[in-house]
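Student: One structure, pasted below without further comment.
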Amino acid sequence: MRLRFYPYTLELAHAFGVASNTRTTTPAMMVELEQDGITGYGEAAMPPYLGESQESAAKFLGLFDANAITDPFQLEEILPQIDALASGNTAAKAALDIALHDWIGKRLGAPWHRLWGLDPARAPVTSFTIGIDTPEIVRRKTVEAAPYKILKVKLGRDRDTDRQLIATIREVTDKPITVDANQGWRDRDEALRMSEWLAGRNVVFIEQPMPKEQVDDTAWLRTRSPLPLIADESVQRLTDVPKACGVFDGINIKLMKCTGLREAHKMITLARALNLKVMLGCMTETSCAISAAAQLSPLVDWADLDGALLIKNDLFTGATIVDGHITLPDRPGIGAVKR
Ligand code: MG
């Protein structure tokens, strides 16, 4: 196969605030794998706090010898070899995984949801994310989010900011909210009081309430919390899934942290076997990586695949959101085409 890659900077429609920082761009690396006149597209989206960069992705991709691939269908051979090239680099690895899947699907003339035996009509609604911001901007974003049936709200800076953010949204709408504390709550008693307060305000679950190191505190919270707890930062890859048992009620799977579609599919299967709920999430990404993740969405309980809606310069068209639901295009591979 022939590998091509180039850096691309995603421009965010609104400055995006989470518990630890606020930013206006996300660095990405776009990947193309070509053979027999077919091009598979992939993408690494790399919010800086995750430790990857365009430089590290270029270095990692430089280690990959695409010419050595004679049969791209042999993913169970190829992907472990890619994983073993270097530790970390999960987004760069995901870019190659996505491009290989796209190539295979195009070669077979079928979208991945069909190859996996999934009904696209079962794709869930997606939440629309509202970052930490001033009440005025939160109110405006909530109004803009009218087409979406669930809102995802970033919390975790401090108690008063958190409660004000929820109260501001509740001035505008009663629709269900999922909250993501991004490890921001350190005191378990305070976290329990927040869960009880949120439970009375039509909140569906809490994502990563406490720092990933506070496993015992999170398990303590889970037995008392009226709301389910979903692991994000605590669960990155397949081997982390069993660690969620007894600590969380479910896991948030993202292609950029688990190295791509192949491992994400295995994580969903394992999570189901362990009776864990599954959420499918994303970074700010173009419709390339979002459409890839969307192929798995009929398998999950909740989706948060709004990443392409949050950027101004999407390079692709692909999965769309119709009436709040993820809508999978009937196109082969990951279903994304370059604009
Ligand atoms: Mg999260």
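Student: Once label points are set 7 Å from the Cα along Cα→Cβ at both Gln74 and Ala273, what is their separation, rounded to one decimal in nm?
Tutor: According to this spin-label approximation, the distance is 2.5 nm.
Student: Antiparallel DSSP bridges in the chain: what percent, to the nearest 5?
Tutor: 55 percent
Student: Mind checking which of Pro47, Pro298, Pro72 has the largest fluctuation in a GNM of the chain, springs on alpha carbons under 10 Å?
Tutor: Per the Cα network of the chain with a 10 Å cutoff, Pro72 tops the list.
Student: Report, in deg cm²/dmol and to the nearest 500, the calculated mean residue ellipticity at 222 nm for the chain, where each DSSP H run with n ≥ 4 adds -39500 (n - 2.57) and the sum is divided by the residue count.
Tutor: About -10000 deg cm²/dmol.
Student: Also, I was wondering about something else. Quick check of the Kirkwood formula: for the stretch 2-109, what is the inverse mean of 1/r over all pairs of different Cα atoms, in Å?
Tutor: 14.6 Å
Student: Next up: Cα centroid distance between the stretch 168-241 and the stretch 114-156, in Å?
Tutor: If we compute the Cα centre of each part, the gap is 17 Å.
Student: Right, another one. Hey, any idea what % of the chain's accessible area is carbon plus sulfur with a 1.4 Å probe?
Tutor: The C+S portion of the solvent-accessible surface of the chain is 50 percent.
Student: Another question, then. For the chain, modelled as a Gaussian network with Cα springs under 10 Å, which listed residue fluctuates most, Thr142, Thr320, Thr223?
Tutor: Thr223
Student: Follow-up question, since we're still on this one. Using the Cα gyration tensor of the stretch 114-338, with a ≥ b ≥ c the square roots of its eigenvalues, what is the shape: rounded (a/c below 1.5), prolate (a/b larger than b/c) or oblate (neither)?
Tutor: Judged from the Cα gyration tensor, the stretch 114-338 comes out oblate (a/c at least 1.5, b/c at or above a/b).
Student: With springs only between Cα atoms under 10 Å, which of Val143, Val235, Val300 fluctuates most in a Gaussian network model of the chain?
Tutor: Val143
Student: Hey, could you pull the Cα Rg and Dmax for the stretch 98-197, both in Å?
Tutor: Reported Rg and Dmax, both Å: 18.8, 54.
Student: Further, regarding this structure: Would you mind working out the accessible area per residue for the stretch 193-339, using a 1.4 Å probe, and quoting it in Å²?
Tutor: Result: 35 Å² per residue.
Student: Hey, can you grab everything whose amide H is under 5 Å from the amide H of Glu207? Only 5+ residues off in sequence or another chain; H modelled, so Pro and N-termini drop out.
Tutor: Excluding prolines and chain starts, which carry no amide H, the hits are Val179, Asp180, Ala181, Ile230.
The values are calculated or read from the model by the stated rules, or taken from the named source; none is laboratory data. Given the structure is predicted, the values throughout are model-derived calculations rather than measurements. Note that we place each Cβ from the backbone using ideal geometry, even for glycine, and neighbour counts take in every protein chain shown. Accessible surface is based on the protein model in full, side chains and every heavy atom, while ligands, DNA and RNA are left aside. Shrake-Rupley method; radii C 1.70, N 1.55, O 1.52, S 1.80 Å.
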